[in-house]
Amino acid sequence: MPFVCTECRRREPTVRARCRHCDGVVVYEPDDPGAIEAAIDGDRWGALPAVSRRITMGEGETPLVDLSGLTDRLGTGNGDDIEVYAKLESLNPTCSFKDRGSALCASVVADPETSFEAMVVASTGNTASSVAAYAARAGIPCAVVVPAGTASAKLGQVAAHGAEVFAVDGSFSDCFSLAQAIADDRILNATAVYSANPLVTSANRTVAFELLDALSAPPDWVSVPVGAGPLLGGTHAGFREAAVDRPDGDCRAGESSSTGTIPRQLCVQARGCHPIVEAFEADRPVEAWERPIETAVGAIADPLVGYAADGEYTRQAVLESGGSAVALADEHVFEWQRILASAAGIYAEPASAASVAAIAESGLVEEGETVVALITGHGLKEPEAGTVAGAPAVDDPIAVDPAAEATIRDALLTG
Ligand SMILES: *Cc1c(COP(=O)(O)O)cnc(C)c1O
Ligand SMILES: [Zn+2]
């Protein structure tokens, strides 16, 4: 299989997370360059590692909706001066983009050509429920490792899919180290970070292929909520491959939209845990976040302890794209979660609303430019989120008696 070390360029014959020679991050690069062109035309799986049987539930192919009603608040303030789209990854089968990677992981494990028989995953949230669902569909044993005391609506979803859940007396980093120690030729570590496996990042490239298929030109910016960053890194890799691949492709990053240019990646983190943004601003390699995690935006609060190199890989993708990085206060994230729901009809989980909040807060998108915000997960995943941040997401209902037609009619038709 075409898995290549990003450091020494040696090839790995089988699915491996790190290079056996230099420990570099391993990525998937298709042998056939035509596969990228075909993927943009609709054959997305053709650009992924080949499998004998696809474990699929229709993941990907998510709607791209315009946020034109919000451009006044998102742009430079001159009316419809920028074009903003939301890609609704929240409408994947388990309600987050993680299904792209999980479908591929489950397909590789289920493939009799590989030596894998089972999956292990360290996650308290969307990766756990997604991997558990695809494991159930494929009939593959699946173990989920979480820190003891984890209370999350998402764990209910995991339990429903019948995965074994193990609670570790330790931090998330301890859970990830444990998953790495368990992983071998028979057990795939399906955790959604580069150093666990090359499959998840590879699958996330399809976000780029779908955007190139849907839009007449590549967007100028893609705004991505980032934990360790395989979504950002995968999306960037997809755009880069597509630009290199096209006959007229000049692949200079961040140039104005015309065929062949690579969109700038906007890396979005929460201020209470932003190791990648911090390194980007200081122009130095990413280091683990050793301070307390002070944010309620859990899905992107990854301190990278023990795998800071993963964050660095993401920072390099941002730099290569000519992009930028921004850390947001929780109050802005929750404010934009409410705006998206009440003014655009999109109920996003807080981490996902951060992608839109970052457009407003950073002011980086210039007049005439197009930006796509990835709505990575559904609001129903964290129904209590608004209240956690101290501001109820909805007002209490107004008490009325059963003959309150006039009151309700007046509320609807004022003036
Ligand atoms: C996992 C996740 C992210 C972050 O993606 P990474 O690829 O881990 O950086 C963002 N938003 C949501 C809702 C997620 O579940
Ligand atoms: Zn190597």
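The values are calculated or read from the model by the stated rules, or taken from the named source; none is laboratory data. Remember, it's a predicted structure, so these values are computed and weren't measured experimentally. Please note: Cβ atoms are built from the backbone with ideal geometry, for glycine as well, and neighbour counts cover all protein chains shown.
A few comments on the model shown:
- Per this entry, residue 127 is not counted among residues that are surrounded by 17 or more Cβ atoms within 10 Å (Cβ to Cβ), more than 16 Å from ligand 2 (Cβ to nearest atom) and not in a helix (DSSP H, G or I).
- Any pair with Cβ under 7 angstrom, 6 or more apart, that starts in the stretch 170-196 at a residue that is farther than 17 Å from residue 111 by Cβ and ends at one that is at pLDDT below 95 and among the basic types (Lys, Arg): 195/18
- The stretch 1-20 residues that are under 16 Å from residue 200 (Cβ atoms), paired with ones that are near ligand 2 (Cβ under 9 Å from one of its atoms) and not in a strand (DSSP E or B) (beta carbon under 6 Å, 6 or more apart): 6/24
- Search result, residues across the stretch 199-239 that are aliphatic (A, V, I, L, M) and without any contact (Cβ under 8 Å) to a residue 60 or more places away in the chain: 208
- Any hit, the stretch 284-293, residues being buried (at least 20 other Cβ atoms within 10 Å of the Cβ), touching a residue at least 40 places away in the same chain (Cβ under 8 Å) and part of a loop (DSSP other than H, G, I, E, B): no
Residue-by-condition table, conditions (1) part of a loop (DSSP other than H, G, I, E, B); (2) within 16 Å of ligand 1 (Cβ to nearest atom); (3) touching a strand residue (DSSP E or B) at 6+ places or on another chain (Cβ under 8 Å); (4) at pLDDT below 95:
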position: 94; (1), (2), (3), (4): yes, yes, no, no
position: 99; (1), (2), (3), (4): no, yes, no, no
position: 121; (1), (2), (3), (4): no, yes, yes, no
position: 134; (1), (2), (3), (4): no, yes, no, no
position: 137; (1), (2), (3), (4): no, no, no, no
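- Per the listing 62, 14, 6, the residue uniquely within 16 Å of ligand 1 (Cβ to nearest atom) and within 29 Å of residue 307 (Cβ to Cβ) is 62.
- Here residue 38 clears all of (1) out of contact with any helix residue (DSSP H, G or I) (no Cβ under 8 Å at 6 or more places or on another chain); (2) free of Cβ contacts under 8 Å to residues at least 24 places away in the same chain except the condition numbered (1).
- Residue 327 meets all of the listed conditions (1) within 15 Å of ligand 1 (Cβ to nearest atom); (2) surrounded by 24 or more Cβ atoms within 10 Å (Cβ to Cβ) but one, namely (2).
- Among (1) within 16 Å of ligand 1 (Cβ to nearest atom); (2) modelled with pLDDT under 90; (3) out of contact with any Cys (no Cβ under 8 Å at 6 or more places or on another chain) - the single one residue 25 does not satisfy: (3)
- Condition check for residue 236: touching a strand residue (DSSP E or B) at 6+ places or on another chain (Cβ under 6 Å) and either away from ligand 1 (no atom under 16 Å from the Cβ) or under 16 Å from residue 374 (Cβ atoms) (or both): yes
- Qualifying residue in the stretch 350-364 (condition: on the phi < 0 side of the Ramachandran plot, over 15 Å from the mean Cα position of the chain (by Cα) and within 16 Å of ligand 2 (Cβ to nearest atom)): no
- Which numbered condition residue 154 misses (of (1) buried (at least 24 other Cβ atoms within 10 Å of the Cβ); (2) under 27 Å from residue 14 (Cα atoms); (3) in contact with a Gly (Cβ under 7 Å, 6 or more places away or on another chain)): (2)
- Summed over the stretch 190-235, the residues that are within 16 Å of ligand 2 (Cβ to nearest atom), among the small types (Gly, Ala, Ser) and buried (at least 24 other Cβ atoms within 10 Å of the Cβ) give a count of 0.
- Some residue of the stretch 169-190 being among the aliphatic types (A, V, I, L, M), part of a loop (DSSP other than H, G, I, E, B) and closer than 26 Å to residue 25 by Cβ: yes
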